[in-house]
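> I have a structure I would like to understand better, so I am pasting it below and will then ask my questions one at a time.
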């Protein structure tokens, strides 16, 4: 089996350089902080970090188990659920006036205007 190597891009190189810079900055600041830190503070921080890692791992495993249970119960997805294109209002609650969704879909241009609490969609006569 052939091993695929990712293509080197300018964007990837810049991301790697920025990442390396921030890791160096991270190490630099820790080297400045560590001499000022007591053993008790360090142990407290390590315990807090360990508990955070443990909680994150447990929550992730519970979430994965939940999703696996759904998959076993329902099986793989066979497609998206049907969604109706019909709606009477936009997200702000304004009523919608339009000539019909098919007409709007076929048109090369649609004029949208808002008047008070109504939003109107119209197809221009000549485009």
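The values are calculated or read from the model by the stated rules, or taken from the named source; none is laboratory data. What you are looking at is a predicted structure, and each value in this text was computed from that prediction instead of being measured. Cβ atoms come from the backbone with ideal geometry, glycine included; neighbour counts cover every protein chain shown.
> Here is a list: 102, 97. Which entry is surrounded by 10 or more Cβ atoms within 10 Å (Cβ to Cβ), over 23 Å from the mean Cα position of the chain (by Cα) and at pLDDT below 90?
Working: 102 fails: surrounded by 10 or more Cβ atoms within 10 Å (Cβ to Cβ).
Step by step, each of 102, 97 is checked, and only 97 is surrounded by 10 or more Cβ atoms within 10 Å (Cβ to Cβ), over 23 Å from the mean Cα position of the chain (by Cα) and at pLDDT below 90.
Each row is one residue, and each column tells you yes or no for (1) touching a strand residue (DSSP E or B) at 6+ places or on another chain (Cβ under 6 Å); (2) loosely packed, with under 10 Cβ neighbours inside 10 Å; (3) on the phi < 0 side of the Ramachandran plot.
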| site | (1), (2), (3) |
| --- | --- |
| 63 | no, no, yes |
| 93 | no, yes, no |
| 113 | yes, no, yes |
| 120 | yes, no, yes |
